[in-house]
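The values are calculated or read from the model by the stated rules, or taken from the named source; none is laboratory data. None of these values were measured; they are calculated from a predicted model. Note that we place each Cβ from the backbone using ideal geometry, even for glycine, and neighbour counts take in every protein chain shown.
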Amino acid sequence: MSTEENYNELLSKVQQNLEVVLERISVAADKSNRSAKDITLVGVTKYVGIPESRSLLQAGCKVLGESRPQQLWQKNSDSELSNASWHLIGHLQRNKVERTLPAVDLIHGVDSLRLLEAINQSAAKQGVTSKILLEVNCSGDEAKHGFHQSVILPLFEDMDRYNNIEIKGLMTMAAREGGSRVARSNFASLRELRDELREKLSNSNLIPILSMGMSGDFEEAILEGSTMVRVGSALWNGIRD
Ligand SMILES: *Cc1c(COP(=O)(O)O)cnc(C)c1O
């Protein structure tokens, strides 16, 4: 088979997988009385290389996510993949902030004050405003990154300190154990936290984004109000490995 035939076969598989995922999103959105248009799919490319990532973009998934900064830099410097809107969904180390800012539209996993400070400084130096999500540990799992729920309100009240950061919303990961029931209650906690912040800060436009839900649990997340799902494995069925 020629390289072109291989690529076309890959593209058609990715298109099929993407269709399945979009349909699942649409069904869950209906069930939660929302429009699928209000839910952004972040296509996670961390399992695959450049050709596969290109095929996902070509299939129509315009927002792509990587969990490692170096991989994100590498893909964002590809002539085609630079046209995607890149989100960093994983942990960001402070020494990688400077190079990451120009490559991304949104950073999902901001999980410490030191990181917030580093992003703010770097953004000021680069003359930009960085859009970020605060990662919240809703599962109580000690091994997970993320702020404790109780520090989010004081953090919002103190946002004047961070002039070059715009907090677009909150992000969480469900507990590994406990199945869909526990996942759903973790997602509900994040939504309740958002509602509480909006009420206490008297601003119903605050926190437009709730980033929650992955291949195994995005329907539950959508039912609990997710506006952004980060889906990897389900898009690469029959492709990776
Ligand atoms: C890998 C990853 C995802 C995607 O997970 P899948 O189960 O493959 O869909 C979502 N969010 C984060 C933070 C990830 O690291």
Quiz item: In this structure, does GLY65 turn out to be modelled with pLDDT of 95 or more and at positive phi?
Solution: no
Exercise. State which residue is nearest to the ligand (Cβ to nearest atom) when the search covers only segment 108-135 and only residues that are small (Gly, Ala, Ser) and without any contact (Cβ under 8 Å) to a residue 60 or more places away in the chain.
Key: SER112
Quiz item: Any chance segment 92-107 includes a residue that's over 24 Å from TRP236 (Cβ atoms), touching a strand residue (DSSP E or B) at 6+ places or on another chain (Cβ under 7 Å) and within 13 Å of the ligand (Cβ to nearest atom)?
Solution: no
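Are any of the residues in segment 97-109 closer than 28 Å to LEU41 by Cβ, within 16 Å of the chain's Cα centre (by Cα) and basic (Lys, Arg)? Quick ask: steps written out before the conclusion?
Step one: list which residues in segment 97-109 are closer than 28 Å to LEU41 by Cβ, which gives 97, 99-109.
Then keep just the ones that are within 16 Å of the chain's Cα centre (by Cα); that gives 100-101, 103-109.
Right, trim to basic (Lys, Arg) and you get none.
Taking every residue of segment 97-109 in turn, none turns out to be closer than 28 Å to LEU41 by Cβ, within 16 Å of the chain's Cα centre (by Cα) and basic (Lys, Arg).
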Quiz item: List, please: which pairs have Cβ atoms under 7 Å, are six or more places apart or on different chains, and start with a residue in segment 224-241 that is closer than 23 Å to ARG181 by Cβ and at pLDDT 95 or above and end with one that is more than 8 Å from the ligand (Cβ to nearest atom) and of a type in the set (D, E, K, R)?
Solution: GLU224/ARG184; GLU224/ARG191; GLY225/ARG191; THR227/ASP38
Quiz item: Do you know which residues across segment 181-204 are small (Gly, Ala, Ser) and under 18 Å from HIS108 (Cα atoms)?
Solution: SER189
Self-check item: Positions within segment 136-175 being loosely packed, with under 13 Cβ neighbours inside 10 Å and touching a residue at least 40 places away in the same chain (Cβ under 8 Å), in sequence order
Solution: GLU157, ARG161, ASN163
Exercise. Could you grab the pairs with beta carbons closer than 9 Å, sequence gap of 6+ or different chains, first residue in segment 27-54 and closer than 13 Å to TRP236 by Cα and of a type in the set (Gly, Ala, Ser), second one more than 16 Å from the ligand (Cβ to nearest atom) and part of a helix (DSSP H, G or I)?
Key: GLY43/LEU57; SER53/LEU81
Quiz item: Can you tell me which of LEU193, LEU153 is over 29 Å from LEU41 (Cβ atoms), at pLDDT 95 or above and not polar (S, T, N, Q)?
Solution: LEU153
Exercise. Would you please name the residue that is farthest from the chain's Cα centre (by Cα), looking only at residues in segment 21-77 that are within 16 Å of the ligand (Cβ to nearest atom), more than 14 Å from SER226 (Cβ to Cβ) and of a type in the set (Gly, Ala, Ser)?
Key: GLY49
Exercise. Would you please name the residue that is farthest from the ligand (Cβ to nearest atom), looking only at residues in segment 205-241 that are of a type in the set (Gly, Ala, Ser) and over 24 Å from ASP105 (Cβ atoms)?
Key: GLY238
